[in-house]
Structure formats: structure tokens, C-alpha cells
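Q: Encoded as C-alpha cells, here's the structure I'll be asking about.
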Amino acid sequence: MTRDAIYDRLKEIITIYLPEDVNPENISANSHLINELNINSSHLVDVVLDVEDAFDIEIKDAELEAMDTVSSALDIIQKKINNA
Amino acid sequence: MKKRVVITGLGIAAPNGVGIPAFLNAIRNGVSGVQWFEELEQLNFSCQLGAVPIISEEKKRTYFSDLELKNFNSSGILYGTIAGLDALEDAGLQKAAPSGSPHWDLGVIFGTGTSGVDKFREAIYKLDAGKVRRLGSTTVAQTMASGISAYLGGKIGAGNKVTTNSSACATGTEAILIGYEHIAAGRAVQMLCGSCSDDGPYLWGGFDAMKVTTFKNNDRPTEASRPMSATASGFVPGSGAGALLLESLESAQARGATIYAEVRGGCVNSGGQRHGGSMTAPNSEAVQRCIAQAISNAGIDSGQIDYVNGHLTATVKDPVEIANWCTAIGRSGSDFPYINSLKSLIGHGLAASGSMETVAAVLQLHHGFVAPNINCEDLHPEIAAMVASEKIPQHMIEVPLKTIAKASFGFGDVNACSIFSKI
């Protein structure tokens, strides 16, 4: 799976969790999930579950802490897929 | 000096009508919301009937965002949110702006028996499989008892007292009285009051096992709920939500709001599970005291009551309830007020019953009619000996009503009675 393909799928997942006043077009690789995209911090665990289902991977608690931006999430997902 | 309290908004998600216009039409015309459920047959239920509000996916999306509906599985919160937001809108009030301050003078008292049983079931399967992390963030908010008041409080931006009460089948009637007291004491200007109940086998199963539901009418759903009938054989389990926006009279008048009725007062008590009272049966002396104290607290005379909205669940105990009313208000025969039980149409809404039935009672008061008691063409002879049959109308009658009483009784031997009048 290419990084672009992962990015597109991740963007779809994140879009569901955006508050009504945040435009999905504002999502970029550097976006901070909580501080910039205003995703409710309690929903991060749901984003992770959706990511696990979408890519058939499992993300550990320690890795979850590192998933603060779109690009860091991409890195973790890509690494998991390649190791699978 | 106590503030006078009035009702300025109504909302409902009932098995025979969602939204006030549909519900009003249904209760005027005696439309039943009871259905047969194949799922209950497959699960070996004795009573395979139930009464459930019908909510389309499109309707859900007008009250909840797509994100809120993702992994949403809590029927009581669904019904309660619809009824509550409808009552707010009916009162002509707006939600607080998302970026603004909350409404400091508006609170929420919205009761339930148990929240999100289907969501809890989902969670238990995941937990037992060792997958606790798969619960995600949505389990707690949907299964905590105060889930419904939390959902409503957040959507509205309520900044006053926001809580959930629970007193079994007296929950809805009690919620209205808690809200009334709060406004009367000057601690809030508006209180959104009501109650909701989940539905389905995981809520109803315990009642089925106790044999308090009817198992004799599975082949005739609309005839199954038979309050005050000689052939009453148990209740039909129901669900839904009713909501009332209570407001100080001075605020309602200043806003020029529609006033449906004044909340004159009420009483909540318990029989202490003594003298015939138990976990499941009421102490009759306590019921009588509750009604009499409600009348006294309302500052009316029992002779002024034009209509009674009974608890009357369609068990063998209905004649006992009628006897308690006769004793408490000192009236019988043709002197007894009009009386009906909404449960003939919508089954027993459990924690939601008190609020749905109060919405029905207030609509009857406001529009001047008594809804039909269906399925009591064979009126119980003990009841016929206490109350003249014309006071238990089997067809809708148009009649001006001025003062009405509503009572609910719940497991744990708890009682609630409220008095409303036209203003």
C-alpha cells in the first residue's frame, strides 16, 4: 500500500471525527489531531480502532501516544503494514 | 414565597406517535402502539408483545450528528433526546450557541430506569473476549444512568442542575416534581423534565421471568393491554420518552409563551415495603397518603379534580388502585372524576411511563377531552362497583377539564402524584 493510498484512507477516517466547524480540506500531513483539527481527545481511541479495522493492524498503547499528528499516524500505520 | 410553575413545552416519542401532533391524534383516536415481535418468540419469551416508538434513520439524523450515531446503540437516549429537544422547541426556546455561555437558569431532570442495555450487552461480549480496548469511547456515555441528562444538557447548553432520577415506574412523574420544586424555590427559571426507557428483550426479560407481563394475548397485540378489564392478565412492556418544559409563570408570561397548564404541586413518598408493600407491590396506605398529600400541597380540594390519569398497568392489582383513589379523594360512583389509563394504547413504558402519560394528561387538559380506554369493554366487576362506567370512557369524549391528577407507582414501593390545572 502506498503512502498516498494510506493517507487517503486515513483522511476518510479522520473526517468523521472533525467538529462541524472544521473543514475536511484543512487536513494536511502536518495537522495536529487535537490542537489543530480540534478532534475531541476522547475520540482518539475511536480513531485508532477505526484505523486498526481499516488496515488490519493492531496499535499498542505506547504507539497511540505518538500518534499526535496526521504524519505520525501515517508513519506508524506504514511501518505496521510493511511488517505484516 | 414559592414561584408559580407552568408547562410551556411538550415533546414525546411514544409507541403510537412520535411528536406531539402524531401522539395527540393517536390518543384521541385510540390508536394502539403494541406489536408482536418475532425476536421475542425466538428467545422463548412468554409475552412476545411490546410497544416501541418507530424512529426512521432520517429522523435520527435531525437530532444527532453522524459522529454521534456512529456506534450508537441506546434506545432510551434516542427517545429521550427527541422528546427533550422537541419540548424545548415547542416552548420557543433556543439551544445555547456552541461558542457561547450555557443557559445558567435552565436545567434538566431526565430520569431513566437503566441506560443503554443493548450497548452494555455489546460491551460485555467484547470484554469477555478479552478485548476491553475495543469498547472505544462510546460505551460510558451511553450506559451511565445519567447518559440521557448528559446528552440533553450538552445539546441544549443547560447550565443549571443537570441530573437523572430513578424510581422505577414512578421515575417520570417524580422528575417533573423535582423540576417543579427547583423552579418553585427560585433556583432555576426553566427545567426540562421527563424520562425515557430502553426497549427490547434485554430490558424486558426480567419482567417476563417474573410473569408480570401478559402471556395470553400474543395473537392479538392491539387487544393485549387491558387496564381495568376483568380479563387483565399482565402488562405489555413498552418504551419511549416524554418531556415537559417547566418554567416560572413570570418568565412564561414575560416571553408570551403558550401555557399548557400550571403545575400545582404534588407528592413523592414510599410505603417502606411495610403493611402489604414490598419490592413489587404498593402499600395502599402510602398510595392514599401520596394522593391526599399531593392534593393538599397543590392547595386544591379533592372535589375539584375533573380527571385522573391512573397508573393502572393491567394486572390484577388495578381494582386496588381504584379503591385507593376512591379513599384518597373521598369520591366514588358517578361522583368519581373521569379516569383513563394510557397503557391500554402504549403498554407500560416502565421508567418512561410517568412522563409519557403526563404529556398525554396535559394534552387532554389543554384540548378538553378524555382519551379512550380501549380493551376494557369487560370492565372489572370490582371496579364497576366503585366507579360509574361513564367515568371510564371507552370512546373519546370532548369535555372541558380544569384540574387533573396523575399518579405513578414503582417497584421499591415508591409513589408519585402530581396535580395540574388550567390557568
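What follows is calculated from the coordinates using simple rules that are stated; it is not laboratory data. If you're wondering where the values come from, they're calculated on a predicted model, not measured in any experiment. Every residue, glycine as well, gets a Cβ built from its backbone with ideal geometry; the counts of neighbours run over all protein chains shown.
Q: Give, rounded to the nearest 20 debye, the magnitude of the charge dipole that the protein assembly as shown has about its Cα centre when Lys and Arg contribute +1 at Cβ and Asp and Glu contribute -1 at Cβ. Please report the intermediate quantities before stating the final value.
A: On the way: 39 positive and 55 negative charges, 282 e Å.
About 1360 debye.
Q: Place +1 on the Cβ of every Lys and Arg and -1 on the Cβ of every Asp and Glu in chain B, take the dipole about the Cα centre, and give the residue among B:GLY310, B:PRO102, B:GLY136 whose Cα lies farthest towards its positive end.
A: Of B:GLY310, B:PRO102, B:GLY136, it is B:PRO102.
Q: Beyond 35 Å, what share of the Cα-Cα pairs of the protein assembly as shown remains, rounded to the nearest whole percent? Could the numbers behind the result be given before it?
A: Details: 47706 of 128271 pairs.
In whole percent, the share of Cα-Cα pairs in the protein assembly as shown beyond 35 Å is 37.
Q: Gap in Å between the Cα centre of the stretch B:31-84 and the Cα centre of the stretch B:131-152?
A: Computed from Cα coordinates, the inter-centre distance equals 18 Å.
Q: Between B:ARG331, B:ARG133, B:ARG220, which gets the highest mean-square fluctuation from a Gaussian network model of chain B, Cα cutoff 10 Å?
A: Largest GNM mean-square fluctuation: B:ARG133.
Q: Now, a different point. Take the Cβ-Cβ distance between B:ARG220 and A:ASN26 as r, set R0 to 45 Å, and report the resulting FRET efficiency rounded to the nearest 0.05.
A: Values: r = 58 Å, r/R0 = 1.30.
E between B:ARG220 and A:ASN26, to the nearest 0.05, is 0.15.
Q: Note down the relative contact order for the stretch B:46-135 as a percent, whole number, built from C-alpha pairs under 8 angstrom at least six residues apart.
A: Working: 28 pairs, mean separation 27.9, N = 90.
The value is 31 percent.
Q: Pull out a ≥ b ≥ c, the square roots of the eigenvalues of the alpha-carbon gyration tensor of the stretch B:308-407, then state rounded if a/c is under 1.5, prolate if not and a/b is larger than b/c, and oblate in the remaining case. Before the final figure, lay out each step's value.
A: Values: a/c = 1.39, a/b = 1.13, b/c = 1.22.
Here the stretch B:308-407 falls in the rounded category.
Q: Given points 7 Å out from each Cα along the Cα-Cβ axis, report the A:LYS79 to B:ASP378 separation in nanometres with one decimal.
A: It is 7.5 nm.
Q: In Å and from the alpha-carbon atoms only, list the Rg and Dmax of the stretch B:114-191.
A: 16.1, 51
Q: Most exposed first by the Cβ proxy, i.e. fewest other Cβ within 10 Å, how do B:CYS47, B:CYS196, B:CYS417 rank? Working shown, then result.
A: Numbers: B:CYS47 25, B:CYS196 39, B:CYS417 31.
Fewest to most other Cβ atoms nearby, the residues stand as B:CYS47, B:CYS417, B:CYS196.
Q: Using a 10 angstrom cutoff on alpha carbons, build the Gaussian network for chain B and name the most mobile of B:ILE148, B:ILE183, B:ILE397.
A: It is B:ILE397.
Q: Which order do B:TYR151, B:TYR202 fall in if you start with the one that has the fewest other Cβ atoms within 10 Å?
A: Numbers: B:TYR151 25, B:TYR202 14.
Going from least to most buried by this count: B:TYR202, B:TYR151.
Q: Can you figure out the FRET efficiency of B:LEU69 with B:MET279, using R₀ = 51 Å and their beta-carbon distance, to the nearest 0.05? Don't jump to the answer; show the numbers that get you there.
A: Working: r = 37 Å, r/R0 = 0.73.
After rounding, the FRET efficiency stands at 0.85.
Q: Quote the charge dipole size of the stretch B:68-129 about the Cα centre in Debye, to the nearest 20; the model charges only the Cβ of Lys and Arg (+1) and of Asp and Glu (-1).
A: Values: 5 positive and 8 negative charges, 52 e Å.
In total the dipole reaches around 240 debye.
Q: Oh, and also: When the Debye formula is applied to the Cα atoms of the stretch B:173-293, each taken as the same point scatterer, what base-10 log of I(q)/I(0) results at q = 0.09, 0.14, 0.15, 0.20 Å⁻¹?
A: Taken in order of the listed q values, log10 I(q)/I(0) reads -0.41, -0.89, -0.97, -1.17.
Q: Provide the descending list of Cα extents for chain A along its principal axes, expressed in whole angstroms.
A: 37, 25, 19
Q: I would also like to ask the following. Of the options B:GLY277, B:SER334, B:SER408, report the single residue whose Cα projects farthest towards the positive end of the charge dipole of the protein assembly as shown (beta-carbon charges: Lys, Arg +1; Asp, Glu -1).
A: Projecting each Cα onto the dipole axis, the largest value belongs to B:SER334.
Q: Mind putting together the pair-distance distribution for the stretch B:182-228? All Cα pairs, 5 Å bins, whole percent per bin, short to long.
A: Histogram of Cα-Cα distances, whole percents per bin: 5, 14, 14, 17, 13, 6, 7, 11, 9, 4, 0.
Q: Based on alpha-carbon centroids, what's the gap between the stretch A:53-76 and the stretch B:365-402 in Å, whole number please?
A: Computed from Cα coordinates, the inter-centre distance equals 65 Å.
Q: Separate question: Pick out which of B:ALA168, B:ALA96, B:ALA87 has the largest mean-square fluctuation in a Gaussian network model of chain B, springs linking Cα atoms closer than 10 Å.
A: Checking each option, the largest mean-square fluctuation is seen for B:ALA96.
Q: Average the reciprocal distances over every distinct pair of alpha-carbons in chain B, invert the result, and give the Kirkwood radius in Å.
A: On the way: mean 1/r = 0.0473 Å⁻¹.
Over chain B, the inverse of the mean reciprocal pair distance is 21.2 Å.
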